[in-house]
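Enquirer: What follows is a single structure, and I will ask about it in a moment.
The values are calculated or read from the model by the stated rules, or taken from the named source; none is laboratory data. Bear in mind that the values here come from a model prediction, so they are computed numbers and not experimental data. For neighbour counting, all protein chains shown are included, and Cβ atoms are generated from backbone atoms with ideal geometry for every residue, glycine included. Accessible surface areas use protein heavy atoms only, side chains included; no ligands, DNA or RNA. Shrake-Rupley method; radii C 1.70, N 1.55, O 1.52, S 1.80 Å.
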Amino acid sequence: MIDLIDVTKSYGKGLPALNHANIHVDKGEFVFVVGSSGSGKSTLIKLLLKEIDSTSGKIIVSGEQLEGMKHARIPKFRRKLGVVFQDFRLLRDRNVYENVAFAQHVLNRPNRVIKKRVPEVLTEVGLAGKYKSMPDELSGGEQQRVALARALVNRPEILLADEPTGNLDPKTSVEIMKLIEQINNRGTTVLVVTHNREIVNYMRKRVIMMNQGVILSDEREGGYREA
Amino acid sequence: MRPSTLWFTLKSGFKNIRRNWMFSAASVLTMAACIFLFGIFYSIVNNVSYLTRRLEEEVPITVFFVEGATPDQMSEVGKQIETRPEVARMEFESADEAWEKMKEDYFGGSSLAEGFKDDNPLINSSNYRIYLNDITKQNALVSFIEGLDYVREVNQSEQAANTLGNINRIVSYVSISLIVILLLISIFLISNTISVGIAVRSEEIGIMKYIGATDHFVRAPFVLEGILLGLVGAAIPLVVLYLVYNRAVSYILTRFSVLNNVVEFIPVTAIFRTLIPVGLVLGLGIGLFGSFFSTRKHLQV
């Protein structure tokens, strides 16, 4: 589902942000990418989203090679991905329902589909009773649930999560991770970038550890070790 | 585009305006100010060139014929002059008409002129008075006429021609430069205002792009917003100018009553026949291109 073959990303002189990285993620897998800041985690997410281009190497996501992909093709490619961020990135002036429906409008879905699908996904993430709440009226955990609902509403093949628990307390972090695990159990491939040691150790999933752009280890049911 | 997507785009466009009402108001006011200035200037320039055109038309060339020229020969000369494009209209005055006019003008119909009886002292005064549509071409026309057979003399007012020609030239140079400057300033101000408005929403644009929105989908509400603001920004000064124009004209004519018989202003309807479409196209164009280009750099996500 995700393949990085000898991928390097340099932003100029100095050490590359990603240095000859090789990663293979199968369909339906749950993978943590861990490392301290500057380890290359964010660069990895940006590369997978085709926000930036690699300097060398080959990236294949969901059957599409990202090198040489035309600008006009990028939106269609991104529709196969769902993304959540540490800061939730919700539209502050729209309520929960509108934030999720927005992702369907972007894909040109007809209204009848939107009216059916949005409540479905909001129920899935446990926000059935909060359609009309504004983001500022919700707790951090609830806001991340809305972000997850928005990421999932278009049934993506892959969920990319960039520090999804970075702004949450430990209890809420576990709840959000459990929710992401449920999503994974339904067949969505999940890649979570984090430096939350407790969560990684608690979940016992595959862990790819990075440091200064280099992949240090890749373990099934791994834990968070010091680099 | 599906109807639901079109509706969503329209709604987003209006929402953008409402949510960012301060930027929207700033864009509209900037545009309104520029188009207002443009309108004032356009009206002044048009009235000045209208006035000089009218004055030009009042400065004729007079053509006299050689002694003994027959009416047929004179009419032949007239036909040749008439073919020239710079000729607006021409009047023929026979020797008898010239004498009748002189009697009327100088002797006031008194018996003083009776002494001449049927002996017309202006026997060689048959002439054509030629009015030009472009006074700068006067010299060319005079040389052409001087080259014709049966023509004895051509009288022209070179000084009037030069002065009016110069006024016309200055007015067109100044008007073109001011219009260009005004356009550049308004495009700069408006694209700046729109970019600030869009920069505020760059996060929203980023979210749309991550979800998989096409550039076209992201841009549509902003462009729609730009067009709407452009049209409103053009409509306001057009209405104000319409109301102000007649008042300004009647104020000038009452304040400077001496101008009443000299100056005639272009009617407001004639000015607005051009100003309305030009103003609306300017507003629409600036809004459209301003928002189109301002969104471009935010789409590189």
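Enquirer: Mind checking which residues of region A:84-140 are among the hydrophobic types (A, V, I, L, M, F, W, C), free of Cβ contacts under 8 Å to residues at least 40 places away in the same chain and more than 14 Å from chain B (Cβ to nearest Cβ)?
Expert: A:LEU122, A:LEU127, A:ALA128
Enquirer: A follow-up question, please. Which condition number in (1) in a loop (DSSP other than H, G, I, E, B); (2) among the small types (Gly, Ala, Ser); (3) open to solvent by less than 40 Å² (accessible area, probe 1.4 Å) is the one that A:SER36 fails?
Expert: (3)
Enquirer: Right, another one. Would you mind stating whether B:ILE44 is open to solvent by 60 Å² or more (accessible area, probe 1.4 Å) and either touching a helix residue (DSSP H, G or I) at 6+ places or on another chain (Cβ under 8 Å) or assigned to a helix (DSSP H, G or I) (or both)?
Expert: The answer is yes for B:ILE44.
Enquirer: Mind checking which residues of region A:56-78 are open to solvent by 60 Å² or more (accessible area, probe 1.4 Å) and at the interface with chain B (Cβ under 9 Å from one of its Cβ atoms)?
Expert: Correct list: A:HIS71, A:ALA72, A:LYS76.
The rows are residues; the columns are (1) surrounded by 15 or more Cβ atoms within 10 Å (Cβ to Cβ); (2) assigned by TED's automatic domain parsing to the domain that holds B:ASN20; (3) within 25 Å of the chain's Cα centre (by Cα).
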| residue | (1), (2), (3) |
| --- | --- |
| B:VAL218 | yes, yes, no |
| B:PHE222 | yes, yes, no |
| B:TYR242 | yes, yes, yes |
| B:ASN246 | no, yes, yes |
| B:PRO267 | no, yes, yes |
| B:LEU280 | yes, yes, yes |
| B:ILE286 | yes, yes, yes |
| B:SER294 | yes, yes, no |
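Enquirer: Look through A:ARG186, A:ARG206 and report the one residue that is touching a Lys or Arg at 6+ places or on another chain (Cβ under 9 Å) and more than 18 Å from A:PHE88 (Cα to Cα).
Expert: Result of the check over A:ARG186, A:ARG206: A:ARG206.
Enquirer: Please work out which one of (1) more than 23 Å from B:ALA32 (Cβ to Cβ); (2) open to solvent by 40 Å² or more (accessible area, probe 1.4 Å); (3) within 19 Å of the chain's Cα centre (by Cα) is the condition B:ILE276 fails and give its number.
Expert: Failed condition: (1).
Enquirer: For the structure I just gave you, tell me whether A:ILE52 is among the aliphatic types (A, V, I, L, M), part of a helix (DSSP H, G or I) and within 14 Å of chain B (Cβ to nearest Cβ).
Expert: Working: among the aliphatic types (A, V, I, L, M): yes; part of a helix (DSSP H, G or I): no; within 14 Å of chain B (Cβ to nearest Cβ): yes.
No: the conditions fail for A:ILE52.
Enquirer: Counting only residues that are in contact with a strand residue (DSSP E or B) (Cβ under 8 Å, 6 or more places away or on another chain) and polar (S, T, N, Q), which one in region A:131-160 is surrounded by the fewest Cβ atoms within 10 Å (Cβ to Cβ)?
Expert: In this case the residue turns out to be A:ASN154.
Matching residues to (1) crowded, with 20+ Cβ neighbours inside 10 Å; (2) acidic (Asp, Glu); (3) within 14 Å of chain A (Cβ to nearest Cβ); (4) over 29 Å from the mean Cα position of the chain (by Cα):
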site: B:THR5; (1), (2), (3), (4): no, no, yes, yes
site: B:LEU10; (1), (2), (3), (4): no, no, yes, yes
site: B:PHE23; (1), (2), (3), (4): yes, no, no, yes
site: B:ARG54; (1), (2), (3), (4): no, no, no, no
site: B:ILE61; (1), (2), (3), (4): yes, no, no, no
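Enquirer: For region A:68-100, what are the residues that are assigned to a loop (DSSP other than H, G, I, E, B) and of a type in the set (A, V, I, L, M)?
Expert: A:MET69, A:LEU90, A:LEU91
Enquirer: Quick one: which of B:SER186, B:SER172 is more than 14 Å from every other protein chain (Cβ to nearest Cβ) and surrounded by 22 or more Cβ atoms within 10 Å (Cβ to Cβ)? Give the steps one after another, and end with the answer.
Expert: Details: B:SER172 fails: surrounded by 22 or more Cβ atoms within 10 Å (Cβ to Cβ).
Unique residue meeting the criteria: B:SER186.
Enquirer: Next question. Among (1) among the aromatic types (Phe, Trp, Tyr); (2) within 30 Å of A:ASP93 (Cα to Cα); (3) assigned to a strand (DSSP E or B), where does B:PHE23 come up short?
Expert: That leaves (3) as the condition not met.
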